[in-house]
Amino acid sequence: MVRVLGIDPGTRVTGYGIVEQSGRGLSYVCGGEIRPPQTRVLSKRLFILSEELSNIIEEYRPTCVAVEGLYFALNARSAMMLGHARGVVLVSAARYGLDVFEYSPSTVKQSITGYGNAAKEQVNGMIRRLLKSDEIDRLDVSDALAVAICHIHHQRYSGKRASLCNSFPL
């Protein structure tokens, strides 16, 4: 059994979702959003993100973490803010000895929909079908679940380490 925590990082909203693979089947374990108050300074928002991720890891005990990589078309400020959130994800995973796997947004979309430039709504629709759940309605949550499923697909078809991702053994 593999239990993957997928993360769609952000300093305003971080989507998370856990998918479990048992045999060839996928099961939806949980999903949600972490929304630190925007009235707080960045350091406090990042601390809240870290605490919430730790709570999720402790409660659900994933076997690894899959995170969406940086989208390079963002402006420099947005990329830097996203980098802060990704750093928190990496440190949170390291705290629990979890391996982290990174997938580009286009790789995730290609893996889920068959089209690397799919819209978020298309990804959401496929995630709802794959996990047989109508309760997955938030796009940040479906994006996080898509990252988790992408990792499971790449593990299944390419052996222990996924060839289309960067892994950070911690």
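Values in this text are rule-based calculations from the coordinates and carry no lab data. Keep in mind it's a predicted model, so treat the numbers as computed, not measured. Methodologically, a virtual Cβ is constructed for each residue, glycine included, from the backbone with ideal geometry; neighbour enumeration extends over all protein chains shown.
Before moving on, here are some points about what is shown:
- For the stretch 81-112, the set of trypsin sites (Lys or Arg not before Pro) satisfying both a DSSP loop assignment and a count of at most 15 other C-beta atoms within 10 Å is empty.
- Relative intensity, log₁₀ I(q)/I(0), of the stretch 68-117 from a Debye sum that treats every alpha carbon as a point, q = 0.14, 0.24, 0.32 Å⁻¹: -0.45, -0.92, -1.07
- With Cα atoms, 0 to 90° folded angle of helix 120-130 axis to the chain main axis: 50
- Reachable aspartates and glutamates from residue 120, criterion Cα separation under 19 angstrom, eight or more residues apart if same chain: 8, 33, 68, 102, 134, 135, 137, 140, 143
- nm² value of the averaged projected area, convex hull over the Cα atoms of the stretch 31-77: 4.5
- Sites residue 130 and residue 58 - FRET efficiency at Förster radius 22 Å, r taken between beta-carbons, to 0.05: 0.25
- Summing charges over neighbours of residue 22, with a neighbour being any other residue whose Cβ is under 13 Å away from its Cβ, gives +2 when K and R count +1 and D and E count -1.
- Rounded tilt (10° steps) of 139-158 against the dominant C-alpha axis of the chain: 50
- Debye log10 I(q)/I(0) at q = 0.18 Å⁻¹ for the stretch 1-40, Cα point scatterers: -0.54
- Three-way shape call for the stretch 36-108 based on the alpha-carbon gyration tensor, with the a/c threshold at 1.5: oblate
- Annotation for the stretch 12-75: trypsin sites (Lys or Arg not before Pro) lying in DSSP loop with at most 13 further Cβ atoms inside 10 Å of their Cβ are 12, 24, 40.
- Using the Stokes-Einstein relation with a Kirkwood hydrodynamic radius computed over Cα pairs, the translational diffusion coefficient of the chain at 37 °C and a viscosity of 0.692 mPa s comes to 209 µm²/s.
- Dipole magnitude for the stretch 2-168: about 260 debye, using +1 per Lys or Arg Cβ and -1 per Asp or Glu Cβ, origin at the Cα centre.
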